[in-house]
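Okay, handing you the structure first.
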Amino acid sequence: MIDRATVERIKETANIVDVVGEFVTLRKSGANYKGLCPFHNEKTPSFYVSPARGTCHCFGCGKGGNAITFIMEHEQMTYPEALRWLAKKYHIEIQERELTSEEKQQQSERESMFIVNEWANEYFQKILHHDVDGIAFGMQYFRSRGFRDDTITKFQLGYDLPDRLALGRAAMAKGFQEQYLIGDTGTTHGTGICYKNDRGELIDRYAGRVVFPWISSSGRIIGFTARVLDSRTKGVNQKYVNSPDSEIFHKTNELYGIFQAKKAIAKEDRVYMVEGQADVISMFQSGVENVVANSGTALTLPQIHLLHRFTSNITLIYDNDAAGIHAALRGMDMLLAEGMNVKVLLLPAGEDPDSFARKNTAEDFKKYIEMHQTDFIQFKTELLLNGVTDQTQRSEAIGSIVRSISFVQNQILRDIYLHDSAQRLGMNEATLINTMNRYIRDGKEQKATEARREQERFQPEASSQPIQPASPLQQATKVETMLIQLVIRHGEKIIVDDAQDDEGNVYALTVAQFIHYNLTSDHLGFHNELYNQIMQEAVDHSGEEGFVAEQYFIHHPDIEISKLASDMSFDRYQLIHAQQMLKEKETEPTEDEQQQKEKKDRDQLREQARHLLLDFKMDYVTQHLKDLQRDISLSISDPEKMMKLMAEYKDMQQIRNSLAKELGNDILI
């Protein structure tokens with residue numbers, strides 16, 4: 001792990017203009033810089049970089065952050081990977097903290113496996129491009145599939161010689177340990193590029209096959225798929241051979257092509273899912289680069305979570321046959337339950353993504369996708385009910401459709417699907433709503449049961465006691481509760497309507513957006529995850545016409561959110577009732593008086609939000625100062641560490657005093 005001092009040095013050294021400038025053409029605009037946003041397509045620059053604050057922000061899509069978060073988002077890296085990227089750019093030597101003996105051994109084993117795979121990958125590529133047999137057989141095969149040389153290089157494709165002893169001899173000659181070459185001996189600490197026969201010889205697992213390397217999203221070789229050549233498929237038991245599961249490779253958790261596709265997925269905000277490696281390569285070569293494959297495995301949660309890092313929108317593209325349709329249905333509910341927006345595209349009869357991509361230009365392929373992809377509900381309705389007259393089968397099909405709708409996370413979208421389905425099916429909408437609510441309740445009960453069993457498994461002595469979940473109000477500070485109450489009551493109301501960017505473009509912020517932007521710009525969030533969910537949903541819906549936060553959350557399908565919103569709105573209803581009692585005594589305000597009142601209400605609401613945000617930050621700083629005091633008292637024996645902590649303590653005191661002045665308090669150091 002990177003030690004704290006090195007992390008701080010990287011943060012201090014990284015220049016936001018310099019870092020963003022590697023990917024975006026920036027030009028000076030007053031005290032800031034601006035350019036075209038790298039995260040979405042635009043013609044007018046709305047991406048601003050502030051060297052004074054060390055941050056960037058897009059007024060179009062809302063993405064931004066500091067130098068580290070920008071690299072994480074743009075290059076789709078983890079936090080440690082982004083730190084290493086910046087360290088390399090600024091020639092900062094990475095200082096790792098001291099690892100335990102067990103950590104050192106595990107890290108050494110993983111790194112050794114990566115090194116073996118990197119070597120094997122270079123070995124297969126070298127044979128493909130420079131060996132006589134590699135050119136004659138391997139390269140000829142790839143070219144017969146229509147792969148261009150630049151595409152072959154892009155996906156690092158290779159070829160393995162038929163000699164089943166050659167790879168093992170070459171690896172041992174390079175000094176690699178046998179334990180990292182083999183992988184079918186009951187251990188996960190080997191790559192599995194070889195296995196041992198009865199005579200103890202190292203046998204090449206991929207001999208005589210073309211090789212497709214699996215590359216992780218961070219660019220490391222984690223495994224291989226090897227395919228026999230077309231002329232040898234007849235009578236061959238295994239057409240494809242994959243690396244066995246290991247410490248660094250689990251095929252069910254990976255997606256082929258993710259490394260090549262990740263930037264296009266993030267930019268297009270959509271991913272196309274196909275079945276095989278050739279499908280990915282052909283589509284990528286045709287110009288549709290945001291494509292990955294699950295390579296014949298059933299879709300898994302780790303694969304969905306991997307995709308969700310880049311986008312929430314997925315289109316499943318499969319063959320228009322029984323197997324393709326089954327693949328499209330498989331995992332659909334899992335995608336919906338994880339918050340993915342699902343569409344399905346079936347290709348013309350007899351075509352697969354590979355063949356269709358080779359027959360069509362990128363423009364024609366994209367046009368076909370746009371014209372023929374359908375949302376999951378339309379796909380499932382047409383599939384399950386087309387030509388069905390039996391009432392029992394029809395009832396089961398409708399139940400399956402409604403069950404899928406129940407997995408949709410966006411409440412408004414779910415309501416639209418139900419309304420649309422009621423019209424398509426000729427059903428009473430209330431009936432479908434009741435059925436969906438039953439599925440939702442059953443799902444919540446099942447999750448609660450699973451959670452209880454999981455807790456009982458780890459705490460058997462407490463299994464006889466009912467689980468009492470903590471109230472959301474008990475998990476949050478008073479200021480957090482007041483902030484989320486403000487979001488629930490007034491989240492959709494505009495409190496900033498005259499802000500301008502450097503180009504003079506006017507933009508507005510609602511209460512939810514104002515609070516969210518102020519928190520996230522300082523990398524802060526609520527301790528209570530339910531509050532974070534409410535905050536995010538309020539921001540997501542703020543721009544929607546007719547959205548009223550209070551009504552939305554009071555009628556939220558999540559019972560905990562609904563109850564919380566109702567509790568937080570109770571005194572508001574009392575106030576409304578009192579106002580109605582006095583309404584007869586009031587005179588109708590003039591238009592000018594009404595405008596003045598609205599302005600006054602808006603200003604008060606903005607001031608309330610600003611003051612609560614300052615209180616929130618003050619609470620955070622105060623707690624951090626307490627933590628630093630504790631750490632300082634425990635570091636007496638380490639003068640160097642204590643000096644660093646004291647310096648940080650002094651900085652935090654200055655921040656506290658600055659906040660106190662804004663709050664109107666006097667604090668002395």
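Work out, in µm²/s and without decimals, the Stokes-Einstein translational diffusion coefficient of region 379-421 at 25 °C, 0.890 mPa s, Rh from Kirkwood over C-alpha pairs.
Rounded, D is 225 µm²/s.
While we're here: To the nearest 10 square angstrom, what accessible area does residue 540 show with a 1.4 Å probe?
Answer for residue 540: close to 90 Å² accessible.
Just to verify a number: FRET efficiency for residue 198 and residue 163, C-beta to C-beta distance, R0 = 22 Å, to 0.05?
Efficiency, from the Cβ-Cβ distance: 0.70.
Next question. How would 178, 480, 382, 537 rank on accessible area, largest to smallest, probe 1.4 Å?
Final ranking, largest accessible area leading: 382, 178, 537, 480.
Also, I was wondering about something else. Would you mind working out the accessible area per residue for the chain, using a 1.4 Å probe, and quoting it in Å²?
With all protein chains present, the chain gives 54 Å² per residue.
Still on this structure: Regarding region 8-77, what are the three Cα extents along the principal axes, ordered largest first, in Å?
Rounded to whole Å, the extents work out to 36, 29, 18 Å.
Take the residue pairs 600/661; 239/367; 154/367 and return only those whose Cα atoms are more than 28 Å apart.
Violating the 28 Å limit, Cα to Cα: 239/367.
Same structure again: What ranking of 618, 643, 332, 72 comes out by heavy-atom accessible area, probe 1.4 Å, highest first?
Reading off the accessible areas and sorting them downward yields 643, 72, 618, 332.
Ok, one more. Could you work out how far apart the two model spin labels at residue 102 and residue 337 are, taking each label as a point 7 Å from the Cα in the direction of the beta carbon, and quote it in nm?
Each label point lies 7 Å from its Cα, and together they span 3.2 nm.
In whole percent, how big is the carbon plus sulfur part of the accessible area of the chain, probe 1.4 Å, protein atoms only?
With neighbouring chains kept in place, the figure for the chain is 49 percent.
Label 7 Å along Cα→Cβ of residue 28; region 35-51 residues with amide nitrogen under 18 Å?
Under 18 Å, as judged by backbone N against the label point of residue 28, lie 35, 48-51 of region 35-51.
Then there's this: Cβ under 14 Å from residue 628's Cβ, residue 628 left aside: what net charge do those residues give with Lys, Arg +1 and Asp, Glu -1?
+3
Count the net charge of all other residues whose Cβ sits under 12 Å from the Cβ of residue 298, scoring Lys and Arg as +1 and Asp and Glu as -1.
+1
Roughly how many Å² of residue 123 are accessible to a 1.4 Å probe, to the nearest 10?
40
Ranked highest first by average number of other Cβ atoms within 10 Å, how do 619-628, 599-608, 14-23 line up?
Going from most to least packed, we get 14-23, 619-628, 599-608.
Taking the Cα centre of the chain as origin, work out the dipole magnitude from +1 charges on Lys and Arg Cβ and -1 charges on Asp and Glu Cβ, in debye rounded to 20.
It works out to roughly 1220 debye.
So what's the net charge close to residue 165: Lys and Arg +1, Asp and Glu -1, counting the other residues with Cβ under 9 Å from its Cβ?
-1
Over the Cα atoms of region 316-374, what Rg and Dmax result, in angstrom?
Just the Cα atoms of region 316-374 yield Rg and Dmax of 12.3, 36 Å.
Assuming R0 = 45 Å, what is the FRET efficiency of residue 388 and residue 643, from their Cβ-Cβ distance, to the nearest 0.05?
0.05
Calculate for the chain the 222 nm mean residue ellipticity that helices alone would give, adding -39,500 (n - 2.57) per DSSP H run of length 4 or more and normalising by residue count, nearest 500 deg cm²/dmol.
-17000 deg cm²/dmol
Let me ask something else. Beyond a 29 Å Cα-Cα separation, which of these cross-linked pairs lie in this structure: 89/650; 63/251; 34/89; 63/626; 366/444; 28/263?
The answer is 89/650; 63/251; 63/626; 366/444.
Give me the one-decimal nm value for the distance between modelled label points at residue 173 and residue 371, 7 Å along each residue's Cα-to-Cβ direction.
Placing both labels 7 Å along Cα→Cβ, they lie 5.6 nm apart.
Over 22 Å, how big is the tail of the calculated P(r) for region 121-229, in percent of all Cα pairs?
Across region 121-229, Cα pairs with separations above 22 Å total 32 percent.
Right, here's the next one. Using protein chains only and a probe of 1.4 angstrom, how many square angstrom of residue 441 are accessible, to the nearest 10?
130
To continue, here is another question. Ratio of alpha-carbon Rg to the 2.2 N^0.38 Å globular estimate for the chain, to two decimals, please.
Scaled against compact globular proteins, the figure is 1.13.
Could you put 227, 424, 656 in order of accessible surface area, largest first, with the 1.4 Å probe and the full protein assembly present?
These residues rank, largest area first, as 424, 656, 227.
The values are calculated or read from the model by the stated rules, or taken from the named source; none is laboratory data. Everything numeric in this text was worked out from a predicted model, so none of it was measured. Positions of Cβ are generated from backbone atoms using ideal geometry, with glycine treated the same way; all protein chains shown enter the neighbour counts. Note: areas computed on protein heavy atoms with side chains; ligands, DNA, RNA excluded. Shrake-Rupley method; radii C 1.70, N 1.55, O 1.52, S 1.80 Å.
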